[in-house]
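See structure below.
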Amino acid sequence: MSIRELSLSFHHQEIKIKLPKNYFKTNGKSYPLVIVQDGDYLFKDVKKDVIFVGIVPNNRKKDYTPWKSVVGDIEYGGQADA
């Protein structure tokens, strides 16, 4: 991991941050901020000059489903806010 890529934990949630390639060389330049869920899947493909923040799910089936649901043999947890 370089200084351009940071990973931190906040309230038991992993958050990844990726800075633009020339972030530390461009004094005072503003960059768009992109915040996404499933940040672990999208993080490595970021090519644009943006500040990218990815929120990594602890358990995707529980984190993104606000109600309990069963599909086939898979139970989705219902722990997300509705």
What are the residues in the range 6-36 that are in a strand (DSSP E or B) and touching a residue at least 24 places away in the same chain (Cβ under 8 Å), if any?
Q13, E14, I15, K16, I17, K18
Could we say that T26 is more than 13 Å from the chain's Cα centre (by Cα), exposed (fewer than 14 other Cβ atoms within 10 Å of the Cβ) and among the β-branched types (V, I, T) here?
yes
Taking the range 37-59 only, how many residues are within 18 Å of H11 (Cβ to Cβ), outside any loop (DSSP other than H, G, I, E, B) and at pLDDT 75 or above?
5
In the range 45-72, which residues are of a type in the set (A, V, I, L, M) and closer than 18 Å to Y23 by Cβ?
V46, V50, I51, V53
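The values are calculated or read from the model by the stated rules, or taken from the named source; none is laboratory data. Everything numeric in this text was worked out from a predicted model, so none of it was measured. Cβ coordinates were reconstructed from backbone atoms using ideal geometry, including for glycine residues, and neighbour counts include every protein chain displayed.
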